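Accompanying notes for the structure given below.
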Amino acid sequence: RVELGGRIYYQQIILRDHLTPLKAGDLELPELQMTVTVGTQRLFSENHQIDVRVDPVKIKVKPLPSNAPLNFKGPAVGEVKLTATLDRHRVRQDESVQLIIKTSTTGMLNNTPQLELPYLDGVRSYPPTVREVTQSVNGEERMVRVQTWLLKPERAGEIKIPSLNLPYFHPLRGQYANARTRPLKLKVKGDPRAPLPSAQGTPRRPPPESP
């Protein structure tokens with residue numbers, strides 16, 4: 001219940017914005033003025049126009065601590081979660097498999113770097129497709145990035161996909177943390193000497209050795 005112009009009304013939230021500061025220091029949300037129309041839910045409804053003014057809101061934004069991890073690319077601020085899945089865990093050597101990694105955050109997704117897949121021995125990997133969605137988790141809105149890689153085995157046997165990590169700053173805890181995927185295993189059945197089918201795209205190869 002709220003009081004406006006000497007009258008009591010029931011308030012309903014029709015818009016809730018998620019604001020993320022882009023710099024440290026003293027910031028301020030500007031003054032807001034508007035004319036709203038309110039009404040009563042009686043037998044004979046009455047509408048009133050009321051001028052409403054909201055004072056400026058001052059916000060003090062602290063800088064990030066200086067003890068950031070070496071691989072913190074930032075500014076990934078907000079709780080980050082990573083999940084990695086394969087669409088299949090057993091394939092033939094002439095088949096392909098999709099690796100799907102989801103990055104979800106309570107902060108700005110644009111400030112959260114995309115994951116890079118390292119060189120995988122025994123696998124050709126192709127540039128990922130990327131899409132972004134919004135999900136509600138326990139009443140909390142999260143931005144989610146979905147990266148999907150196409151993987152083509154080059155040999156038979158067991159292929160290991162290591163854990164990937166992404167450091168971020170957790171604002172509620174006031175400290176840096178690491179989001180990690182669980183390692184995955186892909187079992188490939190087939191003759192390792194069998195020729196591979198041709199594929200479109202540029203395969204991922206091992207990085208060149210340092211001189």
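Worth pointing out:
- In region 165-176, the residues that are hydroxyl-bearing (S, T, Y) and open to solvent by less than 20 Å² (accessible area, probe 1.4 Å): Y168
- Any hit, region 109-128, residues being in a loop (DSSP other than H, G, I, E, B), buried (at least 18 other Cβ atoms within 10 Å of the Cβ), free of Cβ contacts under 8 Å to residues at least 40 places away in the same chain and among the polar types (S, T, N, Q): no
- Within region 4-58, the residues that satisfy the criterion of being of a type in the set (D, E, K, R), at pLDDT below 80 and either touching a Lys or Arg at 6+ places or on another chain (Cβ under 7 Å) or open to solvent by 100 Å² or more (accessible area, probe 1.4 Å) (or both) are R16, D17, R42.
- Condition check for P75: part of a loop (DSSP other than H, G, I, E, B), open to solvent by less than 40 Å² (accessible area, probe 1.4 Å) and over 28 Å from E154 (Cα atoms): no
- Output for region 151-164, where each listed residue is open to solvent by 60 Å² or more (accessible area, probe 1.4 Å) and in a strand (DSSP E or B): E158, K160
The values are calculated or read from the model by the stated rules, or taken from the named source; none is laboratory data. These numbers come from a predicted model, not from an experiment. Please note: Cβ atoms are built from the backbone with ideal geometry, for glycine as well, and neighbour counts cover all protein chains shown. Areas reflect the complete protein model, heavy atoms only, side chains present, ligands, DNA and RNA absent. Shrake-Rupley method; radii C 1.70, N 1.55, O 1.52, S 1.80 Å.
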